[in-house]
Amino acid sequence: MELPFSESFRIKMVEPIRQSSRAEREAWLKEAHYNVFQLRAEQVFIDLLTDSGTGAMSDRQWSAMMMGDESYAGARSFFKFKDTVTRITGFPYVLPTHQGRAAENVFFSATVHKGDVVPGNSHFDTTKGHIESRGALALDCTIDEAKNTQLEIPFKGNVDPKKLEAALKEYKDRIPFIIITCTNNTAGGQPVSMQNLRECYALAQKFGKRVVIDSARFAENAYFIKTREKGYESKSIKEICREMFSYADGMTMSAKKDAIVNMGGFFATKHADWYDAAKVFCIVNEGYITYGGMNGRDMEALAVGLDENTEFDNLYTRIHQVQYLGAKLDEYGIPYQRPAGGHAIFVDATRILTNVPKEEFPAQTLTVELYLEAGIRGCEIGYILADRDPETKQNRFGGLDLLRLAIPRRTYTDNHMNVVAAALKNVFDRREQIKHGVKITWEAPIMRHFTVQLERL
């Protein structure tokens, strides 16, 4: 008899969570202006807002924290962290930052200027925000198939090489670099193939451009390459990671994802000129170049986390849980971005709340309904997150409108996933009764979804 699936860890510590009443949730959500970011953590039963910084660290990570060297300059913890990054990625120049968007800020401050065009695959909100706040254009060159949530293809996060080449020909010197997000978060946590990375890098070299990988979930991307792409079946995750980064000139990293730490990030590159330019902004915005917004103990935990999460068993356990939730939604006929992503299930709100017009934000409405149903906090990845067009100031309705259920690593059990699926089914069963959504009463000029205030219609 074949042995069933089992997690590759056992539990040492637990944290109690409380289920609230619907009346409590209604009051709390109204106070939060129907923006789940504004809820208190204790008002949430199962928190799937993000997988960023919310995973459970291992015993090796906790023990490593006790070895933290808090020296302002030249701490041994920095060199352990740097050596680990270089060993896994191949990049010799490493700048620590306190998180991923800080890495973007440090690097983009040195390289992105007004009038620039940065092509890539579905830039995530912080990436797009950092680009557009500098008066530049974030150009989406993702394959068209990514917009069809019900289409199942193995590498739905890929860059379209034809779109990329057209952009390189049209914008020429206005392009400072190409950025490829692995996995592609906005497109539903979908992976990018090694073939696509190789092809994009060849195009970049043809036109004299450099490539940056947004690497928050690079290890999960490597897992999909190993399990889905011919020729990589027998390669280790670390071998695949080294090859992925060989088709890039640099990387930004939110270590709060695939390094499984509560806080931390970095910028790494093989080019001394990029490093020298970026380190100026690291000092201005983060701290000295050997800590960059992190404590020594943070860097110690990060180094161990990178090593642990670039092993197959860890990734298999993590991605299996995401697929488990996807399979439960399949049972109930609930549409989501297929196939199941690496870190989250992205529920297709426009296919569920068909009576809610796009101007009333179906995905945000579904986010509200799921919280009211069972105290489950998800995150809208859709029309609110897309912000307004910088030129026309109109809402951008051209992309997908999804409810992201991001699953923290090593945190919840499959029983929690059963609750999530059942709660979503309850909302799905009464979907025809939901005829109105929400409207914006206040919004920030950029990255509005974090603080937007809404009114229920």
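All of the numbers you see were taken from the coordinates with simple rules; none came from a lab. The structure displayed is predicted, hence computed values, not measured ones. Cβ coordinates were reconstructed from backbone atoms using ideal geometry, including for glycine residues, and neighbour counts include every protein chain displayed.
Observations on the structure shown:
- Label positions at R10 and S71, each projected 7 Å from the Cα along the C-beta direction, are separated by 3.9 nm.
- Overall form of the range 170-281 per C-alpha gyration tensor (a/c, 1.5; a/b vs b/c): oblate
- Cα centroids of the range 44-112 and the range 210-252: 19 Å apart.
- Highest to lowest packing among 296-306, 106-116, scored as the average C-beta count within 10 Å: 296-306, 106-116
- The range 59-308: relative contact order in percent, alpha carbon pairs under 8 Å with at least 6 residues between: 33
- Cα centroid separation, the range 309-360 to the range 143-193 (Å): 20
- Taking E455, E443 and counting other C-beta atoms within 10 Å, the order from fewest to most: E455, E443
- Dimensions (Å) - the range 1-94, Cα atoms, principal axes, largest first: 53, 52, 26
- Annotation: peptides 409-421, 63-75, ranked by per-residue average of other Cβ atoms within 10 Å with the highest first, follow the order 409-421, 63-75.
- Within the shell of other residues whose beta carbon sits under 13 angstrom from the beta carbon of L400, the net charge comes to +1, with Lys and Arg scored +1 and Asp and Glu -1.
- Net charge, I88 excluded, C-beta distance under 9 Å - Lys, Arg +1, Asp, Glu -1: +2
- CD proxy at 222 nm, helix term only [per DSSP H run n ≥ 4: -39500 (n - 2.57); per residue of the chain; nearest 500]: -12000 deg cm²/dmol
- Qualifying GluC sites (Glu not before Pro) in the range 317-420, DSSP loop, other Cβ atoms within 10 Å at most 16: E391
- Ordering W28, W442, W62 by the number of other Cβ atoms within 10 Å of each residue's own Cβ, fewest first, gives W442, W62, W28.
- Prolate/oblate/rounded label for the range 59-308 (Cα gyration tensor, a/c 1.5): oblate
- Unsatisfied cross-links (Cα-Cα over 27 Å) in the set K82/K172; K80/K235; K114/K162; K82/K156; K128/K226; K162/K358: K82/K172; K82/K156; K128/K226; K162/K358
- Paramagnetic reach from E443 in the range 128-156 [backbone N under 12 Å; point 7 Å along Cα→Cβ]: none
- Rounded if a/c under 1.5, otherwise prolate or oblate - the chain, Cα gyration tensor axes: rounded
- Inter-site label distance for A27 and N418 at 7 Å from Cα along Cβ, in nm: 3.2
- Furthest towards positive pole of dipole, I46, V419, Q453, structure part the chain, Cβ charges: Q453
- Cβ-based net charge around E165, under 13 Å, with every Lys or Arg adding one and every Asp or Glu removing one: +3
- Of the trypsin sites (Lys or Arg not before Pro) in the range 195-244, those whose Cβ has at most 10 other Cβ within 10 Å and which sit in DSSP loop: K230
- Annotation for T317 and E359: the two label points, set 7 Å from Cα along the Cα-Cβ direction, are 5.0 nm apart.
- Proxy reagent accessibility, fewest Cβ within 10 Å first, across T86, T126, T290: T86, T126, T290
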